[in-house]
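Scroll down for the structure; my scribbles are underneath it.
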Amino acid sequence: MLCTISYIEFSNAKIFFPNPELLQITKDSKKFNSLFLQNTIRYLEKNNRKLKVKYNFYDDTDLIESIDIQNLKSVEDYNLITSNILELLTEIKETEITSKIERKFYSQDDKLLSIISFLDFNRIIITFVNSNKLKIQKTSELFKRLISKKILDNLKRDFPKIKTSYDFYDNTKIIDSIEIVNVSSVKAYNFVCEQIIELLSELEYNLK
């Protein structure tokens with residue numbers, strides 16, 4: 001795995017590089033400075049004085065292992081972070097590796113609710129953690145409104161060749177995961193994440 005990006009409490013982002021020795025990303029590297037530091041952090045700081053950024057380094061080196069970004073104003077800020085990290089990793093991918101990006105979404109009490117992966121800029125996998133508690137089914141109103149009509153119908157307009165498959169929880173109709181193939185746009189990936197955030201927000205309210 002190349003990178004995980006977690007969205008925590010709808011205001012914080014954590015970027016984690018599991019293999020910093022492979023990526024060789026430092027704060028002084030040109031690609032990191034131009035594609036991420038200037039286009040993301042400096043841009044966000046202009047409109048958000050409360051933004052805080054913390055870098056964690058790998059084994060007493062200057063290699064970045066993780067980045068904590070606190071006090072984001074909106075999911076659009078998070079999408080900007082993800083898009084620019086994807087662009088940074090694409091630069092590395094061209095000569096070194098293929099990539100898998102993950103976004104992790106947590107409840108307000110810090111419980112992992114969902115993981116959304118973007119693999120090789122072609123496949124999106126939505127995994128619902130503890131799906132037996134979320135109880136999302138294809139017949140549910142939330143599924144029809146946010147996944148079927150909003151996500152899938154919209155994606156089909158731009159990507160008519162998409163294919164969708166489902167895994168179910170323990171031989172029930174409860175959805176464990178959804179895989180969407182033939183989606184090549186980062187913008188589409190961000191759109192999927194936004195809709196899943198809305199779905200999870202409604203479920204969080206309903207579960208309380």
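Of note:
- Test set (1) touching a Lys or Arg at 6+ places or on another chain (Cβ under 7 Å); (2) within 20 Å of Lys100 (Cα to Cα) - Gln137 fails condition number: (2)
- Selection status of Asn71, under 19 Å from Met1 (Cβ atoms) and surrounded by fewer than 17 Cβ atoms within 10 Å (Cβ to Cβ): no
Yes/no per residue for (1) at pLDDT 95 or above; (2) of a type in the set (Asp, Glu); (3) in the same structural domain as Thr90 (by TED's automatic domain parsing):
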| residue | (1), (2), (3) |
| --- | --- |
| Lys100 | no, no, yes |
| Ile126 | yes, no, no |
| Leu134 | no, no, no |
| Lys144 | no, no, no |
| Tyr189 | no, no, no |
| Leu207 | no, no, no |
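The values are calculated or read from the model by the stated rules, or taken from the named source; none is laboratory data. Quick caveat: nothing in here was measured; it's all calculated off a predicted structure. FYI the Cβ positions are ideal-geometry reconstructions off the backbone, even for glycines, and counts take in every protein chain you see.
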